[in-house]
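Enquirer: Quick one: the structure is below, and I'll ask about it shortly.
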Amino acid sequence: MALMDERIKAELLSIGIIDVEASLLPAWRTSTAGPGMGLQSIFFRSGGLRVRLEVNRDSPFRLARKGDHVAVLKGDVEIAEGMLEEVVAHCPEQVYITISERCIYNCQFCSVPLSRGRIKSRDEIVAIVERARSEGRLKAIALTSGIAVSPEDEIDRVVEIVRALSVYGVPIGVAVHPAKGSSRRLKDAGATEVKYSVETMDPEIFDRMCRGKKGHDLDFILKSLREAVEIFGKNHVSSNIIIGLGESDECVQKGVVYLAKMGVIPVLRPISIPPGRIEALKGAERPSPERLLKLTEMTRKILRKYDLRTDESKTMCLACTGCDLTP
Ligand code: SF4
């Protein structure tokens with residue numbers, strides 16, 4: 001049986017989409033968080049690795065049934081066999097919920113501001129978690145959110161929800177935009193891990209993509225990450241760096257070293273170009289398998305040097321690994 005290894009996962013992630021045999025498609029559901037927001041995706045597990053791929057007929061890869069399991073084919077050649085994983089909420093083994101599906105910022109790589117979606121209530125979120133608990137599928141909770149009104153207002157909302165969910169006694173991870181004192185408040189409410197994403201460590205790209213609004217600047221996010229490590233401890237603070245926005249490998253390396261020195265684990269996220277962002281992201285490019293492998297090996301060495309481990313995270317993307325070649 002051919003198993004998925006890092007090279008095959010890099011190839012799949014580099015393309016990001018897969019054509020799935022109709023009989024394998026779970027009841028139509030779309031993701032409400034992360035790069036696949038609003039799109040249907042599957043989770044394929046093989047060789048101890050997991051990959052999330054968007055369902056799309058225009059892929060060189062195909063997922064087909066093979067007895068009691070599935071196989072990934074490139075053309076007619078089988079490249080890996082494995083299992084389709086069940087999704088709890090957004091991803092396997094976690095209840096991952098987006099609170100505010102809207103945002104006052106307008107980062108050019110993100111689909112949340114375009115969705116102008118709703119804000120889930122605390123009770124609604126507790127009901128989703130309670131359903132997973134009653135089905136015996138509650139291992140970890142992850143919360144993410146756009147900024148509906150202001151970073152401060154959003155942290156108020158998230159803190160209230162974390163407090164309500166802390167009674168479940170499972171790890172709680174929060175991926176939000178920081179605000180003054182947010183780490184202390186989230187920790188005191190019961191959060192165990194936090195993610196403040198820099199998105200890019202190239203200041204020019206940050207300004208161009210994130211249009212540096214007050215309180216939404218790289219320096220503030222980096223300052224908040226430093227504070228978060230003091231409060232949550234290392235191995236429990238992470239930050240996404242998008243790969244494919246035009247940044248150089250040197251810039252990624254400098255950024256990974258900068259974050260690791262602070263005790264923050266960088267998550268190298270291959271860019272996904274949301275349908276409504278094609279014009280804004282002209283020139284952006286999903287990284288090749290070779291580039292993904294090179295950057296992952298570089299990150300692995302740097303994490304080792306600063307005694308950081310990705311396998312201690314219990315929530316969010318470091319625990320899931322579906323979208324990233326996590327070292
Ligand atoms: S890696 Fe993160 S964004 Fe991707 S499916 Fe997993 S939890 Fe969602």
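Enquirer: Could you tell me, in Å, what Rg and Dmax come out for the Cα atoms of region 81-210?
Expert: My reading of the Cα-based Rg and Dmax gives 15.5, 48 Å.
Enquirer: Under the Karplus relation 6.51 cos²θ - 1.76 cosθ + 1.60, θ = phi - 60°, what is the ordered set of whole-Hz ³J(HN,Hα) values for region 285-297, x standing for Gly and Pro?
Expert: For region 285-297, the Karplus-derived couplings read 9, 4, x, 5, x, 5, 5, 4, 5, 5, 5, 5, 5 Hz, x marking Gly and Pro.
Enquirer: Still on this model: Calculated from DSSP H runs of 4 or more alone, at -39500 (n - 2.57) each and per residue, what is the 222 nm mean residue ellipticity of the chain, nearest 500?
Expert: Numbers: 10 runs with 109 residues, N = 327.
Computed mean residue ellipticity for the chain: -10000 deg cm²/dmol.
Enquirer: Report the longest stretch of the chain that contains none of the GluC sites (Glu not before Pro) sitting in a DSSP loop with at most 10 other Cβ atoms within 10 Å. Display every interim value, and only then the final one.
Expert: Numbers: sites that count: Glu86, Glu135, Glu279.
In the chain, the maximal stretch lacking such sites is 136-278.
Enquirer: Under the Karplus relation 6.51 cos²θ - 1.76 cosθ + 1.60, θ = phi - 60°, what is the ordered set of whole-Hz ³J(HN,Hα) values for region 2-16, x standing for Gly and Pro?
Expert: 6, 9, 6, 10, 4, 5, 5, 4, 4, 5, 5, 5, 4, 8, x
Enquirer: Can you give the accessible area of Phe61, probe radius 1.4 Å, in Å² rounded to 10?
Expert: 0 Å²
Enquirer: Between the DSSP loop rule and a limit of at most 15 other Cβ atoms within 10 Å, which trypsin sites (Lys or Arg not before Pro) in region 208-258 are left? Intermediate results must be reported in sequence, preceding the final value.
Expert: Numbers: sites: Arg208, Arg211, Lys213, Lys214, Lys223, Arg226, Lys234, Lys254; in loops: Arg211, Lys213, Lys214, Lys234.
Loop-located and lightly packed - Arg211, Lys213, Lys214.
Enquirer: What trypsin sites (Lys or Arg not before Pro) does region 33-110 have in DSSP loop regions with at most 11 other beta carbons within 10 Å?
Expert: On the way: sites: Arg45, Arg50, Arg52, Arg57, Arg62, Arg65, Lys66, Lys74, Arg102; in loops: Arg57, Arg102.
Those that pass, being in a loop and sparsely packed, are Arg57.
Enquirer: Compute the distance in nm between two label points, each set 7 Å from the Cα along the Cα-to-Cβ direction, one at Arg122 and one at Arg226.
Expert: If labels sit at Arg122 and Arg226, their model points lie 3.4 nm apart.
Enquirer: Can you work out ³J(HN,Hα) from phi for every residue in region 264-269, in order, using Karplus 6.51 cos²θ - 1.76 cosθ + 1.60 and θ = phi - 60°, giving whole Hz and x for Gly and Pro?
Expert: 9, 8, x, 10, 7, 9
Enquirer: List the lysines whose Cα sits under 27 Å from the Cα of Lys139, skipping any in the same chain fewer than 8 residues away.
Expert: Those lysines meeting the cut-off are Lys9, Lys120, Lys187, Lys195, Lys234, Lys314.
Enquirer: Quick check for me: using +1 on Lys/Arg Cβ and -1 on Asp/Glu Cβ, what's the dipole size of region 90-320 about its Cα centre, in debye to the nearest 20? Don't jump to the answer; show the numbers that get you there.
Expert: Working: 37 positive and 31 negative charges, 40 e Å.
In total the dipole reaches around 200 debye.
Enquirer: What is the spread of the Cα atoms of the chain along each of their three principal axes, largest first, in whole Å?
Expert: Rounded to whole Å, the extents work out to 54, 48, 40 Å.
Enquirer: Relative contact order (percent) for the chain, with alpha-carbon contacts under 8 angstrom and 6 or more residues of separation? It would help to have the intermediate numbers written out before the result.
Expert: On the way: 669 pairs, mean separation 55.6, N = 327.
Relative contact order here is 17 percent.
Enquirer: So what's the net charge close to Leu318: Lys and Arg +1, Asp and Glu -1, counting the other residues with Cβ under 13 Å from its Cβ? Present the calculation step by step, with values, prior to reporting the outcome.
Expert: Details: positive: Arg50, Lys195, Lys234, Arg269, Arg309, Lys314; negative: Glu93, Glu193, Asp311, Glu312, Asp324.
My count for the surroundings of Leu318 gives +1.
Enquirer: Could you report the chain's accessible area per residue, 1.4 Å probe, as an integer in Å²?
Expert: Details: 14340 Å² over 327 residues.
Per-residue value: 44 Å².
Enquirer: I need the Debye-formula profile for region 154-294: one equal scatterer per C-alpha, no solvent, reported as log10 I(q)/I(0) at q = 0.10, 0.11, 0.15, 0.19 1/Å, two decimals.
Expert: -0.37, -0.44, -0.79, -1.12
Enquirer: Roughly speaking, to the nearest percent, how much of the chain's 1.4 Å accessible area is carbon and sulfur?
Expert: Working: 7460 of 14340 Å².
Of all accessible area on the chain, carbon and sulfur atoms account for 52 percent.
The values are calculated or read from the model by the stated rules, or taken from the named source; none is laboratory data. Nothing here was measured: the structure is a model prediction, and the numbers come from that model. Note: ideal-geometry Cβ built from the backbone for every residue, glycine included; neighbour counts use all protein chains shown. Accessible surface areas use protein heavy atoms only, side chains included; no ligands, DNA or RNA. Shrake-Rupley method; radii C 1.70, N 1.55, O 1.52, S 1.80 Å.
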